[in-house]
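Trainee: Mind looking over this structure? Questions follow.
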Amino acid sequence: MEQQARWWAVVAVMGGIFLLVTAEQLPIGLLSQIAREMGVSEGAAGLMVTVPGVVAAFAAPLLPVAVGRMDRRVMLTALMVAMTVGSVLSALASSFVALLAARVLIGVSIGGFWAIAGSIAPRLVPEQSVP
């Protein structure tokens with residue numbers, strides 16, 4: 001039974017990675033429409049992709065240190081909730097500044113999730129299944 005539970009944990013991490021990459025990259029195909037809707041240039045709309053990437057670069061090394069020995073399962077769940085909140089706020093944003101603020105939350109989620117999930121993933125399955 002424990003073996004099956006570990007594989008469900010792998011599936012949960014895989015689902016989280018899929019959702020985070022989608023939340024990070026989906027706006028790329030919509031930049032022209034978002035720029036038009038928000039009344040900004042397409043270059044400025046590109047900040048929707050740049051901002052989360054830069055925030056993630058800082059969050060990845062800092063967040064694991066900041067949370068210390070907090071249960072990683074709880075932390076990954078909290079990061080997925082933060083990503084969901086950031087995505088909903090992005091969808092509901094009425095100004096470009098509000099949209100970028102929501103994308104900052106997504107960036108924190110991306111950086112933290114990658115840093116934490118990358119460290120626990122090899123421990124979720126038997127050693128011979130890691131590759």
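Results for (1) over 18 Å from residue 109 (Cα atoms); (2) surrounded by fewer than 18 Cβ atoms within 10 Å (Cβ to Cβ); (3) touching a residue at least 24 places away in the same chain (Cβ under 8 Å), shown as yes or no for each residue.
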{"residue": "7", "(1), (2), (3)": "yes, yes, yes"}
{"residue": "14", "(1), (2), (3)": "no, yes, no"}
{"residue": "20", "(1), (2), (3)": "no, no, yes"}
{"residue": "24", "(1), (2), (3)": "no, no, yes"}
{"residue": "48", "(1), (2), (3)": "no, no, yes"}
{"residue": "56", "(1), (2), (3)": "no, no, yes"}
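Trainee: Any residue at all in segment 93-113 that is modelled with pLDDT under 95, within 19 Å of residue 15 (Cα to Cα) and surrounded by fewer than 11 Cβ atoms within 10 Å (Cβ to Cβ)?
Mentor: no
Trainee: Within segment 94-125, count every residue that is over 13 Å from the mean Cα position of the chain (by Cα) and touching a residue at least 24 places away in the same chain (Cβ under 8 Å).
Mentor: Count: 9.
Trainee: If you check 85, 125, which single one turns out to be touching a helix residue (DSSP H, G or I) at 6+ places or on another chain (Cβ under 8 Å), surrounded by 13 or more Cβ atoms within 10 Å (Cβ to Cβ), of a type outside the set (S, T, N, Q) and not in a helix (DSSP H, G or I)? Full working, then the answer.
Mentor: Details: 85 fails: not in a helix (DSSP H, G or I).
It is 125.
Trainee: Tell me, please, whether a residue that is outside any helix (DSSP H, G or I), within 30 Å of residue 5 (Cα to Cα) and of a type in the set (Asp, Glu) can be found in segment 21-30.
Mentor: Here is the first cut: in segment 21-30, the residues outside any helix (DSSP H, G or I) are none.
No - not one qualifying residue is present in segment 21-30.
The values are calculated or read from the model by the stated rules, or taken from the named source; none is laboratory data. Computed from a predicted structure; not experimentally measured. As a convention, Cβ positions derive from the backbone with ideal geometry for all residues, glycine included, and neighbour counts pool all protein chains shown.
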